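Have a look at the structure below before the remarks.
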């Protein structure tokens, strides 16, 4: 009777150990070593079952009692090992999750610092250099050109035009560093303004479809999504040789989606050195918000980016 109980316990423990080990195979990414261990657990469980079957179908006690109890001990040891291995995987998963959270926080802090510096530089340009250029223009305009030699009048006109261009350039740089439209009117209006200015300079058609209208989001979400959209457009203009882009902004209550497409020459997504650091920066920005990004492209088939951010 004791031997029967020992074999039954052995079979149960072996099966439990096998179930635990096989449940961990996906977490090991189907590592051949762990698959082999799982197979070993399965074979030992089958052996215990065959011994139990043999015991119930024979009239003589052919099974060595000592070996059977040793099998029980082995089964207990294997069960304990599999339980502790499971705990190890839980700890590793916890560490991996903490690392991802810390990476996202670090990226968010870096991007936040970058935006603060952009805002500081924009303020310096707008409040410092801007007034100086305006004063220079007023001073030049105040010159009585009738008292100036004709050849000097030409020089004054050139200087005045140069100051005008410097004022316009300063405003553009300040707006690129910190888009005032984004702060005042929100994401959709800011992207539409950027697209309108871009379309006016470049021979390209940019289509925008959005359902967010005047909806406002957290500052870092709006800024990062705006930067991503601008980066994608600039990449297309630089590298894609496209004549059309499609931008779709969708608010799905808890998820904010950006879908971007162009009909350019495309590229191999896994070999994005042609895009410089553009795609890397975009991925980092998405990661800082715990978002997801999917990129699709191939030579001569355009480019598509699908971004989802939790809001």
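Since every read-out is calculated from the coordinates, none of them should be taken as a lab result. Note that the coordinates shown come from a computational prediction; the quantities given were computed from them, not determined experimentally. Cβ: placed from backbone, ideal geometry, glycine included. Neighbour counts: every protein chain shown.
For segment 215-273, a residue qualifies if it is under 15 Å from residue 179 (Cα atoms) and either surrounded by 14 or more Cβ atoms within 10 Å (Cβ to Cβ) or touching a helix residue (DSSP H, G or I) at 6+ places or on another chain (Cβ under 7 Å) (or both), and the qualifying residues are 220, 221, 222, 223, 224, 225, 226, 227, 228, 229, 230, 231. The set of residues in segment 290-306 that are surrounded by 15 or more Cβ atoms within 10 Å (Cβ to Cβ) and either out of contact with any helix residue (DSSP H, G or I) (no Cβ under 6 Å at 6 or more places or on another chain) or over 21 Å from residue 112 (Cβ atoms) (or both) comprises 291, 295, 297, 302, 303, 304, 305, 306. Looking at this structure, is residue 259 assigned to a helix (DSSP H, G or I) and more than 30 Å from residue 136 (Cα to Cα)? Considered against the rule, which asks whether it is assigned to a helix (DSSP H, G or I) and more than 30 Å from residue 136 (Cα to Cα), residue 259 comes out as no.
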